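K.L.:
Dropping a structure here in structure tokens format, bear with me for questions.
The values are calculated or read from the model by the stated rules, or taken from the named source; none is laboratory data. Computed from a prediction, not measured in an experiment: that's the story for all the values here. So basically every Cβ, Gly included, is an ideal-geometry build from the backbone, and we count neighbours across all protein chains shown. Side chains are part of the model used for accessible areas, which takes the heavy atoms of the whole protein and leaves out ligands, DNA and RNA. Shrake-Rupley method; radii C 1.70, N 1.55, O 1.52, S 1.80 Å.
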Amino acid sequence: MQRRTFLQGLSAAAVLGSLPLTSRIAFAAAASPVSVDSLPKLEGDLTLYLGRGEGGLYENVLDAIRKRNPKLNLQIRRGGTAALANTIVAESKAGVRRADLFWAVDTGSVGMVTDQGLGQELPKDLTAQLKPGFQYPRWSPVTGRVRTLPYNTERVSPDQIPDDIMALADSKHTIGWAPAYASFQSFVTAMRILEGEKATADWLRGVKRHAKEYAGELGVVMGVERGEVDMGFANHYYTLRLKSGKPDANVDLAYTNNDAGCLVNASGIIALSEGDLPVNFIRYLLTQEVQSYLASEAYEIPLVNQVAQPAGLPSLDSITPPDMDLRKLADLRPTLNLMRKVGVL
């Protein structure tokens, strides 16, 4: 109830409030998060294409930015992230630019746009705020999410969970999954890139023999907690959100090691039009206030240096995701073809 009341009463000050003078960070301190108090005011017209994201929390951030910048005329077009990416590419090929910014909820859609040569180069002081491995010249990650194995703490002990995602094809445990869900398909795409098509196909067939299908990954985590399955595949924040409302929930998180099972994906934003205004808008999303808000309310991983992790999640330094260019996750069609071929879609 407290969480719901906070969101209903959210104001610009709640998300973008002032930090104490002693803790303000100078705008030139590139490696550290900045406060909104350090940023220039946003003035003028901007059109943002916004992929659907995190239950209205992204909208709360945008509303707060608007209230803090009354001379900003921010127009928002909402839709599925992949569909908006396709629209941006199609508009570009037709010689039309309707979007100044694209905020995508996965890096596959970011790659779809940047691979077409779209996206303005970002200043180095902006990208230097981001954690190592998340610094890109033509787009900025905003927040991250890690693939996890939520497991039922009454049915499975941690030492029964392998740290190799491929071993789960032969597991005796029942597993919940959501093959039609975009995050799962990005995970399978990463597996296909890292392990190859044959190994991925064999893995899908193996897991299918002892898997229960859910419509989405929140459903997976809820099914794990209820004991319908022993464990599942899901992004980390579904488990953390469930436990925030039910601290005694019978579910915890396990992580694999250096494979697609612990892939760290990211939401990201691209400046599509030239000038300072789109870039300065991106700066707002990387502030201490916005990063902290998305960590505490959406349980997403802040990707700016020196911003605290969500409660209940280990630091990124203790997780060993695979080393790969996240933009490669844009190559989704072979994944869907493979999943259909083995009968999981």
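K.L.:
Mind running the shape call on segment 253-345? Use the C-alpha gyration tensor, a ≥ b ≥ c as the square roots of the eigenvalues: rounded below 1.5 for a/c, prolate if a/b tops b/c, oblate otherwise.
P.N.:
It is oblate, given that a/c is not under 1.5 and a/b is not larger than b/c.
K.L.:
Okay, next question. Would you compute, from DSSP H runs of 4+ residues alone, the mean residue ellipticity of the chain at 222 nm, taking -39500 (n - 2.57) per run and dividing by the full residue count, rounded to the nearest 500? Don't jump to the answer; show the numbers that get you there.
P.N.:
Working: 13 runs with 124 residues, N = 345.
The helix contribution divided over the chain gives -10500 deg cm²/dmol.
K.L.:
Which of the lysines could be linked to Lys71 by a straight reach, that is with a Cα gap under 29 Å, when you skip same-chain ones fewer than 8 residues away?
P.N.:
Those lysines meeting the cut-off are Lys41, Lys124.
K.L.:
Taking a probe of 1.4 Å, how large is the accessible area per residue of segment 180-306, in Å²?
P.N.:
In whole numbers, segment 180-306 has 32 Å² accessible per residue.
K.L.:
On the protein heavy atoms, probe 1.4 angstrom, tell me the percent of accessible surface of segment 45-178 carried by carbon and sulfur.
P.N.:
C and S atoms contribute 46 percent here.
K.L.:
Rounded, prolate or oblate: which fits segment 136-272, taking a ≥ b ≥ c as square roots of the Cα gyration tensor eigenvalues, rounded meaning a/c under 1.5, else prolate when a/b beats b/c?
P.N.:
oblate
K.L.:
Right, here's the next one. If a paramagnetic tag sat 7 Å from the Cα of Val89 along the Cα-Cβ line, which residues of segment 293-333 would have the backbone N under 20 Å from that point?
P.N.:
Only 325-333 pass the distance filter.
K.L.:
Let me ask something else. Take the alpha-carbon centre of segment 310-343, take the same for segment 103-168, and report the distance between them in whole Å.
P.N.:
8 Å
K.L.:
Another question about this same structure. Take the cross-link list Lys172/Lys243; Lys67/Lys328; Lys198/Lys246; Lys243/Lys328 and give me the ones stretching past 30 Å between alpha-carbons.
P.N.:
Listed pairs above 30 Å: Lys67/Lys328; Lys198/Lys246; Lys243/Lys328.
K.L.:
How far is it, in nm, from the label point at Asn258 to the one at Arg333 when both lie 7 Å from their Cα along the line to the Cβ?
P.N.:
Here the modelled spin labels are 3.4 nm apart.
K.L.:
Using a simple spin-label model with points 7 Å from Cα along the Cα→Cβ vector, what separation in nm is obtained for Asp37 and Lys208?
P.N.:
In this crude spin-label approximation the distance works out to 5.8 nm.
K.L.:
Roughly how many nanometres apart are two label points built 7 Å out from the Cα toward the Cβ at Asp317 and Ser157?
P.N.:
3.1 nm
K.L.:
Oh, and also: Given H placed on each backbone N at 1.01 Å, which residues far from Met324 in sequence or on other chains put an amide H within less than 5 Å of it?
P.N.:
none
K.L.:
Based only on Cα atoms, what mean projected area does the convex hull of the chain have, in nm²?
P.N.:
17.2 nm²
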